[in-house]
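One structure is given below, encoded as structure tokens.
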Amino acid sequence: MKNLVFAFLIVLVSCTTKNESIKNNTIWFAQPASNWNEALPIGNGRLGGMVFGSIYNERIQLNEESLWTGSRNQFTDKTLAYKVLPEIRQLLFDGEYAKAQILCKNEFMGNNNWNMYQTLGDLYLQANHVGEAENYKRKLDLETAIASVSYSVDGVNFKREYFSSYPDQALFVKISADKPASVSISAALKRPKDAEISANKNSIIMRGQVTAGGVDIQGLNPGVHYFCALNAFNTGGDLVTEGDSIRINKADEVTFVLTARTNYWGENQEEQCLADMEKLASKKFKKIRKDHIHDYQSYFKRVELKLTDEDKNEIPTDSRLKAVQHGEEDNGLIETYFNFGRYLLISSSRPGDLAANLQGIWADGLVPPWSADYHININIQMNYWPAEITNLSECHLPFIALIDSLRTHGRETAKNMYNSRGFVAHFTTNAWYWTTAVGEPEWGMWPMGAAWGCQHIWQHYLFTQDQDYLKKVYPILKEASLFFVDYLIEDPKTGYLVTGPSSSPENKFETPDGKISNITMGPTMDMTITRELLQNTIEASKIIGIDVEFRNELETLVSQLAPLQIGSDGRIMEWTEEFKEPEPGHRHISHLYGLYPGNSISTTQTPDFAEAARKTIDYRLAHGGGHTGWSRAWIINFFARLGNGEKAYQNLLALLRKSTLSNLFDNHPPFQIDGNFGGTAGVAEMLLQSHANEIHLLPALPKAWPNGKVSGLKARGGFEVDIEWENGKLKQARIKNLIGNSMQVRYNNKITQIDAKKNELVILNEFLE
């Protein structure tokens, strides 16, 4: 067979934002939400709402990202834990796993200060309608980030619009009708507890200090002070105060404006909240709406995905999802799911804000699942998997800031628990940057959370090639690596350096004497993350030209790390020994970190390990793996990296069929947003990859997507890529060289090297044989 050769053209271009209208950009329903999992999310990165869309008694559940119980002062390390560390390690090296685990539990696990992310409360709107409603429609426009409800009563057509504006830091609800004096509605703010509510003229104020959510969990303490203001502006009609609510009668239209702040950032929440409202006093709604759309679209319109010409947008989204769950396939719904994932990231993670938590920013009640905290043993990392590849680099910054913020407490934990320099964090944290090991060793004895987070710091550089940024974040990489300089220990059996005591996140094994344990030395994920962190730090020091001595020390350590191993059955080993697995279908597949999101396993550079990874996935799936939403999303990315488009697509369908709620939220169960982001990243990885020092076009294209195009995806090295394909084959790729780096491009296992200058566009036309 002849070598593949690309016909390509290099032209000088300017990179502009996409202006096309994106299809499959609407989620809509023919009825109001009957529960929270059917409501529609709106958000500006910080201030969010869930729109139920009830005609007569509307509820918008509210969130403000910093509404947490607890405080920065809480810290609960076992301060002398490091003194028993040698004993625990010796027990593990001697195969006394159960004894070591008991010692870990008694001497290492700190107190459970389970602080909670809580609801801000609810905005209730009671409409004074007489008669039955008709022509109802509730929708979320992913292209404008505006939710809406429309219906008619007694010949009058009503419309509501809801959005949370980043430029104006406020949430808006506008209610209008096509006949004058038709809008009569009351408004009230409510919260389950810890709320003082009052109304005056056209305003409602809700304030308080959040406390534990009505549950007796030792260690919980009061949290932030908050302040929320709702103002109503009516055109026509009259407005009256009724207790702690307000009523508007016979208006032409009404606009509600809601602002909210806490003292989390050290500022006066009341002053800041009212200042947000004051800035809007002279601003017209038309301009507010226009600014909101312009800001949002500056992110959203960077990428467009088209997988089908079929238009099913006249069918409600929940009906389309049910059809898929009953065996149909719907590429347009996959487009919507992808667009929704990017919408959620834009709406829950903006520069300067907190990172998106387990539920983004959307959580109901006072005790959300898993506290809606930051599980950093995969879940919050998965939240940010689509950030770079789908051209939302700025949205990645809050998570990078979170990793940086872990350093203060993380230094104390490193010293107290391991007598090590540097900083460390374990399986979970929260808005107060808790880093200690807590709970059961099964999940708590895992000191790799900060190290994994540092991968995101490095990935942001790889995609942006911003050396000024790299100089700023290098101290984080160095300090994380410094922990391992002190922490690593030689395995007396092999002579390799290993981590430990640690676990393969949340999984367990059966010891040779029939006992069940979680704790060992040098589990595979630990070693893969450690190697990656040290190598990234080495490379960063070379790029910015500093720390030669420290770099040399790290290079020596890397050469001594325990290697990845393949077991006797051909699978990647999860632990240093081939233990029996009590849960062979476990949701975590941690030993394949090197396949995704890491880059130490690839079909081109390490084919033997890639084959072993495939056997590992098949074994997990055969025993019930992928049963949680986020786990299924991870598997999509695994198969994409293996170049298996058919399996990636099958698991994408499984994500929709088994783990997706009617509003397209991911279902763990319960709702957990990481699966949305993991699934979005998986679609992108099927179409473009760049982790193996090359731009790989259509690496895992399934037969179900014979024709399509995607524009605006990002590749490592500083490239923006548009791809179009027909009949399952590449038609054209357009690669914008944003930095001026040379590029190696792969398609169908053939490679071409292209050199282009900064801001030049490389057009790869139909290949020649």
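The values are calculated or read from the model by the stated rules, or taken from the named source; none is laboratory data. Note that the structure is predicted; figures quoted are calculated from it, not measured. Don't worry about glycine lacking a Cβ; one is built from the backbone with ideal geometry, like all the others, and counts go over all protein chains shown. Surface areas here come from the heavy atoms of the whole protein model, side chains and all, with no ligands, DNA or RNA. Shrake-Rupley method; radii C 1.70, N 1.55, O 1.52, S 1.80 Å.
Out of LEU123, LEU92, LEU103, one residue alone is within 36 Å of the chain's Cα centre (by Cα) and within 30 Å of SER198 (Cβ to Cβ). It is LEU123.
Annotation note: Cβ proximity below 7 Å between a residue of the range 385-396 that is over 18 Å from GLU304 (Cβ atoms) and a residue that is part of a helix (DSSP H, G or I) and not β-branched (Val, Ile, Thr) (sequence gap 6+ or interchain) occurs for TRP385/PHE677; TRP385/GLY678; TRP385/ALA681; HIS396/ALA387; HIS396/GLU388; HIS396/HIS456; HIS396/HIS460.
Out of the residues in the range 263-280 meeting the condition of being in contact with a strand residue (DSSP E or B) (Cβ under 8 Å, 6 or more places away or on another chain) and in a loop (DSSP other than H, G, I, E, B), tell me which one is farthest from PRO222 (Cα to Cα).
So the residue we want is LEU280.
In the range 452-467, the residues that are over 18 Å from LEU402 (Cβ atoms) form Cβ pairs under 7 Å with partners that are surrounded by fewer than 21 Cβ atoms within 10 Å (Cβ to Cβ) and of a type in the set (Ser, Thr, Tyr), at six or more places apart or across chains, as follows: PHE463/SER393; THR464/SER393. For the range 108-140, a residue qualifies if it is out of contact with any Ser or Thr (no Cβ under 6 Å at 6 or more places or on another chain), at pLDDT 95 or above and open to solvent by 10 Å² or more (accessible area, probe 1.4 Å), and the qualifying residues are ASP122, TYR124, ALA127, TYR136.
When the range 283-318 is filtered for residues that are outside any helix (DSSP H, G or I), closer than 23 Å to PHE163 by Cβ and open to solvent by 30 Å² or more (accessible area, probe 1.4 Å), the ones remaining, listed by number, are LYS283, LYS284, ARG302, GLU304, ASN313.
The single condition among (1) over 23 Å from GLN459 (Cα atoms); (2) surrounded by 15 or more Cβ atoms within 10 Å (Cβ to Cβ) that GLU720 does not satisfy is (1).
Residues checked against (1) closer than 21 Å to PHE300 by Cβ; (2) hydrophobic (A, V, I, L, M, F, W, C); (3) in contact with a helix residue (DSSP H, G or I) (Cβ under 7 Å, 6 or more places away or on another chain):
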residue: ASN135; (1), (2), (3): no, no, no
residue: ALA147; (1), (2), (3): yes, yes, no
residue: ASP154; (1), (2), (3): no, no, no
residue: ILE175; (1), (2), (3): no, yes, no
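Within the range 736-756, the set of residues being modelled with pLDDT under 95, open to solvent by less than 50 Å² (accessible area, probe 1.4 Å), among the aliphatic types (A, V, I, L, M) and part of a strand (DSSP E or B) comprises MET743, ILE754.
In the range 540-548 there is no residue matching the filter, namely being aliphatic (A, V, I, L, M), closer than 24 Å to VAL438 by Cα and open to solvent by less than 20 Å² (accessible area, probe 1.4 Å).
Within the range 642-653, can one find any residue that is touching a Pro at 6+ places or on another chain (Cβ under 8 Å), not in a helix (DSSP H, G or I) and not basic (Lys, Arg)?
Narrowing the range 642-653 to residues touching a Pro at 6+ places or on another chain (Cβ under 8 Å): 643, 645-646, 648-649.
In the following step, the residues that additionally are not in a helix (DSSP H, G or I) were identified as 643.
Checking which are not basic (Lys, Arg) leaves us with 643.
Yes, the conditions are met somewhere in the range 642-653.
None of SER34, SER66, SER148 is more than 28 Å from ALA181 (Cα to Cα) and either without any contact (Cβ under 8 Å) to a residue 60 or more places away in the chain or basic (Lys, Arg) (or both) except SER34. Of the residues making up the range 570-603, those that are exposed (fewer than 15 other Cβ atoms within 10 Å of the Cβ), touching a Lys or Arg at 6+ places or on another chain (Cβ under 8 Å) and in contact (Cβ under 8 Å) with a residue 60 or more places away in the chain number 1. When ALA733 is tested against (1) surrounded by fewer than 16 Cβ atoms within 10 Å (Cβ to Cβ); (2) assigned to a strand (DSSP E or B); (3) in contact (Cβ under 8 Å) with a residue 12 or more places away in the chain, just one condition goes unmet, and that condition is (1). In the range 187-211, which residues are more than 13 Å from ASP244 (Cβ to Cβ), without any contact (Cβ under 8 Å) to a residue 24 or more places away in the chain and open to solvent by 50 Å² or more (accessible area, probe 1.4 Å)? Correct list: GLN209 only.
Here THR556 meets the list (1) over 32 Å from the mean Cα position of the chain (by Cα); (2) part of a loop (DSSP other than H, G, I, E, B); (3) β-branched (Val, Ile, Thr) almost entirely, failing just condition (2). Restricting the range 357-383 to residues that are aromatic (Phe, Trp, Tyr) and touching a Leu at 6+ places or on another chain (Cβ under 8 Å) leaves a set whose member that is most open to solvent (accessible area, probe 1.4 Å) is TRP370.
Being in contact with a helix residue (DSSP H, G or I) (Cβ under 9 Å, 6 or more places away or on another chain) and closer than 26 Å to LYS105 by Cα is the requirement here; does LEU462 meet it? When the stated conditions are applied, LEU462 does not pass them.
Can we say LYS23 is in contact with a helix residue (DSSP H, G or I) (Cβ under 8 Å, 6 or more places away or on another chain), at pLDDT below 95 and open to solvent by 60 Å² or more (accessible area, probe 1.4 Å)? Yes: the conditions hold for LYS23. Checked across the range 325-343, the condition of being at positive phi, of a type outside the set (A, V, I, L, M), open to solvent by less than 10 Å² (accessible area, probe 1.4 Å) and outside any loop (DSSP other than H, G, I, E, B) holds for no residue. Could you grab me the full set of residues in the range 401-425 that are within 22 Å of the chain's Cα centre (by Cα) and either surrounded by fewer than 22 Cβ atoms within 10 Å (Cβ to Cβ) or part of a helix (DSSP H, G or I) (or both)? Those that are within 22 Å of the chain's Cα centre (by Cα) and either surrounded by fewer than 22 Cβ atoms within 10 Å (Cβ to Cβ) or part of a helix (DSSP H, G or I) (or both): ALA401, LEU402, ILE403, ASP404, SER405, ARG407.
The condition of being modelled with pLDDT of 95 or more and over 30 Å from HIS129 (Cβ atoms) holds for only one of ASN263, ASN221, ASN202, ASN249, that being ASN263. In the range 490-509, the residues that are of a type in the set (D, E, K, R) reach residues that are part of a loop (DSSP other than H, G, I, E, B) with C-beta atoms within less than 6 angstrom, at least six apart or across chains, in these pairs: GLU506/HIS588; LYS508/ASN518; LYS508/PRO582.
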